[in-house]
1. Against the definition (closer than 23 Å to Val530 by Cα, hydrophobic (A, V, I, L, M, F, W, C) and at pLDDT 85 or above), how does Leu636 come out, yes or no?
2. If Ala629 satisfies every condition in (1) at pLDDT 75 or above; (2) hydrophobic (A, V, I, L, M, F, W, C); (3) over 16 Å from Phe568 (Cα atoms) but one, which is the exception?
3. On the given criteria, is Arg388 more than 21 Å from Gln347 (Cβ to Cβ) and among the basic types (Lys, Arg)?
4. Modelled with pLDDT of 85 or more, in a loop (DSSP other than H, G, I, E, B) and of a type outside the set (Asp, Glu): which single residue out of Ile389, Ile350, Ile423 fits that description?
5. Given the criteria touching a Lys or Arg at 6+ places or on another chain (Cβ under 7 Å) and closer than 18 Å to Tyr203 by Cβ, does Thr259 qualify?
6. Mind listing whichever residues of the stretch 312-346 are of a type in the set (Lys, Arg), at pLDDT 80 or above and more than 45 Å from the chain's Cα centre (by Cα)?
7. So if I check each of Ala532, Ala547, which one is in contact with a Lys or Arg (Cβ under 8 Å, 6 or more places away or on another chain) and either touching a residue at least 60 places away in the same chain (Cβ under 8 Å) or more than 20 Å from Ile638 (Cα to Cα) (or both)?
8. Could you tell me which numbered condition Met512 fails, if it satisfies all but one of (1) surrounded by 16 or more Cβ atoms within 10 Å (Cβ to Cβ); (2) modelled with pLDDT of 75 or more; (3) among the aliphatic types (A, V, I, L, M); (4) under 29 Å from Gln572 (Cβ atoms)?
Amino acid sequence: MSNEKLPDMPTILIVDDTPANLGVVVESLENRGYRLVVAQDGMEGLQRAALVKPELILLDVMMPEMDGFEVCRRLKSHIETADIPVIFMTALAETEHKITGFKVGGVDYITKPMQIDEVIARVGTHLNLKAMQRQLQAQNAQLQVQQAELEQRVMQRTAELSISNRLLHEEIDERKRAEEALALREREFRTLAENSPDVIVRYDREYRRVYFNKAYMGAAGIEAVNALGKTPQECWWLASPSAEEYTERLQRAMDSGETDELLTEMADSEGKPVYRIMFLVPEFDKDDRAVSVLSISHDITGIKRMEAMLRRSELEFRTLAENSPEMIVRFDRDCRRVYINPAYEHQTGIPLETVWNKTPYEVWKPLMSCEEFMTRLSRVMDSGKADRILLEWHDQDGCLVSHDTHAVAEYDEQRQVIGALVIGHNITDLKATERSLEESKAQLRTLTAKREEAREEERKRIAREIHDELGQLLNVLRLNVSTLDFRFGDANADLRDKAHKMVGTIDHAILMVRNLATRLRPAVLSSGIVYALEWLVQEYAESTGIACELHLPGDEISLDEDRAMVVFRIVQESLTNVLRHSGADRVDITLCSVADSCEVEVRDNGKGFDQNSIDKPNSFGIVGMRERALILKGTLDISNAKTGGTVLKLCIPIE
């Protein structure tokens, strides 16, 4: 049979492994106009069902490999064949067997051997049910389309009505807002006007007072009944301007439509003048026609009095500046000289007209560069912080003149910087004294260096004489005593005992001589600063019981004898101070070289350092150490360590 489906002919798929047994059924169905498609196993049935999509499937239950129940399950699991009704065909009539068929998706059951009338009736019934179902689905789809169209028309109409309603409400709300805004502005005006300290008056086109606030009555001293509805000619209270002039100004503001401004004057109860700045503001209707004038007067008596005080202050400043022996120069924001007192010309020898309204770039005399001065002056005006600037130049005789100038920022009433004021004090004599003191300090330092050098040489000489001469005499004396004991000791026991005691005393004297010579001038200094410090640390630890450790660099440090002696003496003095004042039980000495300098650090774990002890009378230890460092152009700092104790740092150039 052909697989093509004729129009309007229901297609029935028969799945049976023995289709020959269904010949009568097939013939009967074809005679009634049905189109039959046959499959001989379950897999073929699934394929033909997916391809043909029949209106009904007659499915045999008992088939090899895949029974009818499994075929039905697979048909119902695919969306393309899930809606096809399935009628099972079987020779078994057990109820449980039928229930299984209905569970897997079957709609009916035909028992073999099949009766033609029963088959045709069942097939027709289910085909009619499916046709009715399709018709109902089509009608439902049509109803849904009609319902959607109806809902769309309803929504469109509702939207149109909503828009119309919204526009109407918006128009009503706009009118309400306009009315409320107008009422609010009127209330705000009344509230502002009634509580304003300024005098507020409204004049109509005939220049009659149609409104005035409480401040007007308080300032004018006029009752409302005497002023309301009256023109300036009928009721006036100002000393200046006159009523006629004031009316002319009102008319000018009304005709021009522009705000006018004038100054008024009157006398208060004590006869003192009161000044007000008055603004005449025209008011317009909706056609932009001036219908009234609002007069607003603000009391500026305080400002006028302040201006008078400023003029007096400026006069006092001028008097002070003109007669001051100090140089006074005022700069504006562009660093132009806007004021110069006569002392400037006297001190610098530059005529005032030469520098007036000029910047330092245009006229400059001091030795300091003009760029540096301008930078510092601009910094004063930008930051508001005062600055002290030393300006020096040579006078006509070639002598150096020095001025200590103090630059401060100047402000206006809004605290905005408007310039800078520079006041210069002549410190030429003071600078000369300072230079003389510096020269004296330099001479004293040179003298100190010479003294230290001479003292070290004297120590060296004394140590050599003690070691060489006194030491030799003691050795000779010991030799003689030993010889005396050797020759006569056997015969005289008392003599031998005395000789032994004398040798012990002489040995002790020799040791003292050696220690004295070492303290005066350690011989180990000749071997370098490292060996000298190692000897000092060992002697200090043994004699004081304080743990002392020396930390040395990996590289060798080469210092000449003078520098080595200074470093040795400073470290020696610092260890003495640790023993006397710190109460420490440990000292660490670090020696290193950085670039072209030698650095030494002495750190203890004691009670710290009192900074005020340097200024105590007869306290020359630290002063002496610093002077020794300055002799070699080095630095010495003493401070308290963060972890406790004192830190001494010495830095001297190697060459």
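The values are calculated or read from the model by the stated rules, or taken from the named source; none is laboratory data. None of these values were measured; they are calculated from a predicted model. Heads up, the Cβs are rebuilt from the backbone with ideal geometry, glycines too, and the neighbour counts pull from every protein chain shown.
1. It is true that Leu636 is closer than 23 Å to Val530 by Cα, hydrophobic (A, V, I, L, M, F, W, C) and at pLDDT 85 or above.
2. Single failed check for Ala629: (3).
3. It is false that Arg388 is more than 21 Å from Gln347 (Cβ to Cβ) and among the basic types (Lys, Arg).
4. The match here is Ile350.
5. Here the answer is no, as Thr259 does not meet what is asked.
6. Matches in the stretch 312-346: Arg312 only.
7. Ala547
8. (1)
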